[in-house]
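Worksheet for the structure shown next.
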Amino acid sequence: MTALVGARKVLELLRLTQAAVFDLDGVLTDGSLLITESGEELRRMDVRDGYAMQVAQQYGLRIYVISGGHSSGVEKRLLRLGISGIRMNVPDKKEALRLVAASEGLDLSTTLYMGDDLLDAEALRICGIPCCPADAVEQIRQLCVYVASRPGGHGCVREVLEKVLTLQGRWAAP
């Protein structure tokens, strides 16, 4: 899709963003799992992504997370960041996105969705602003109007949120 959408159109779409929905594994995390001896799964998240999500919410951008997996540790972190729109153990991300939009009054045409793998494809197809990290699988990259220069779990969320808020005139250094 990126080849079909010019750079100006991409910037205009990002500027119109009213809500941002992020996948967990491969977007907010780098997709790696550390497995402890007791079987607990540990994920790595970028602190700068968390900061950008907090700033975005302070400026009125609505932030949500939809994940096929579950991590109580990640859920606790997201809640500490002020993100209450968390949906985990989601079998159908497209349907979850539709339900979030309906229950929260979101306009999907101004909703950014960032995913990295095939399970995100249908959600990317129904949102107005499909985005992905640099290391997303090729089929997903082709669906997106914005491909971050940073990989999942390494600042791709910060990158896209900073770009959105900058285009909206709302990102400023303290």
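What to note about this one:
- Selected residue (only one of G50, G82, G73, G39 is among the small types (G, A, S), in contact with a helix residue (DSSP H, G or I) (Cβ under 6 Å, 6 or more places away or on another chain) and either outside any loop (DSSP other than H, G, I, E, B) or free of Cβ contacts under 8 Å to residues at least 40 places away in the same chain (or both)): G82
- Test: residue in segment 116-136 that is at positive phi, over 13 Å from the mean Cα position of the chain (by Cα) and not in a helix (DSSP H, G or I): no
- Any chance V164 is β-branched (V, I, T), at pLDDT 95 or above and under 17 Å from Q18 (Cα atoms): yes
- Pairs linking a residue in segment 158-174 that is closer than 16 Å to A7 by Cα and in a helix (DSSP H, G or I) to a residue that is of a type outside the set (K, R) and modelled with pLDDT of 95 or more, with Cβ atoms under 6 Å and 6 or more positions apart or on different chains, are V160/C131; V160/A148; K163/L14; V164/L14; V164/T17; L167/L14.
The values are calculated or read from the model by the stated rules, or taken from the named source; none is laboratory data. Source: prediction; values computed, not measured. Note: ideal-geometry Cβ built from the backbone for every residue, glycine included; neighbour counts use all protein chains shown.
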